[in-house]
1. With the cut-off at 1.5 for a/c, could you classify the protein assembly as shown from its C-alpha gyration tensor as rounded, prolate or oblate?
2. Give the long-range amide H neighbours of residue A:22: residues separated by 5 or more places, or on another chain, with amide H under 5 Å away, using H modelled in the peptide plane at 1.01 Å from N.
3. Express the relative contact order of chain B as a whole percentage, based on alpha carbon pairs under 8 Å and six or more residues apart in sequence.
4. Classify chain B as rounded, prolate or oblate from the Cα gyration tensor: take a ≥ b ≥ c as the square roots of its eigenvalues, call it rounded if a/c is under 1.5, otherwise prolate when a/b beats b/c and oblate if not.
5. Sorted from shortest, what are the nm distances separating the label point of residue A:36 from equivalent points in the other copies, each placed 7 Å from Cα along Cα to C-beta?
6. Through the Karplus equation 6.51 cos²θ - 1.76 cosθ + 1.60, θ set to phi - 60°, convert the phi angles of segment B:62-71 into ³J(HN,Hα) values in whole Hz; use x for Gly and Pro.
7. What is the set of long-range amide H partners of residue B:45 at a cut-off below 5 Å, with H atoms built 1.01 Å from backbone N?
8. Excluding residue B:20 itself, what net charge comes from residues whose Cβ is under 14 Å from its Cβ, given Lys and Arg +1 and Asp and Glu -1?
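The numbers here are math on the coordinates, done by the rules we state, and not lab data. Since the structure is predicted, the reported quantities are computational estimates derived from the model, not experimental observations. Cβ sites come from the backbone with ideal geometry, for glycine too, and all protein chains shown count toward neighbours.
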There are 2 protein chains.
Amino acid sequence: MARQNKSEPIKFKIEESIGVLSSSTNGWQKELNLVSWNDQPPKFDIRSWSPDHLKMGKGITFSNDEMNALKEIIQNAGL
Amino acid sequence: MARQNKSEPIKFKIEESIGVLSSSTNGWQKELNLVSWNDQPPKFDIRSWSPDHLKMGKGITFSNDEMNALKEIIQNAGL
């Protein structure tokens, strides 16, 4: 995989909006989405987004296996 | 809440290890934990940790409400 040139902005595309975890008074939302980064296949992604989805906060991506593991962990822990 | 002095390291304590989402060949694991940051009440937290849990990667914290929302979203989306 080609390494991102630091002078270039990160390319991203929200392929699917799955759900909203919370909303802030400033309109930002913490969301679970399928996001494609730099034209790569989309990954599950949880992070905060501005109302227009042009600005993002720190977040974390999950592979399919990691999302399945998270689902089982949440179920088994009785959260 | 007192604002963190940037010259001080962040204080953290893993109060409960809930589950492991994935493991890397270098021993780092992506984990769901309850973590107390700067002596505040613990929050749900997903991030990567070194094997000794002294070093951490970027991650994301969740309130109880956000964790409940995430659980419902994952269930309803059939992920």
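1. Values: a/c = 1.24, a/b = 1.17, b/c = 1.06.
Rounded is the answer for the protein assembly as shown, as its axis ratio a/c remains below 1.5.
2. A:30
3. Values: 115 pairs, mean separation 15.6, N = 79.
Once divided by the residue count of chain B, the mean separation gives 20 percent.
4. Numbers: a/c = 2.45, a/b = 1.25, b/c = 1.96.
Oblate, since a/c reaches 1.5 and b/c is not below a/b.
5. 4.6
6. Computed from phi, the couplings for segment B:62-71 are 9, 6, 4, 4, 5, 5, 4, 4, 4, 4 Hz.
7. Those lying under 5 Å, H to H, from residue B:45 are B:33, B:35, B:62.
8. Values: positive: A:71, B:30, B:47; negative: A:65, A:66, A:72, B:16, B:31, B:45.
So the surrounding residues net to -3.
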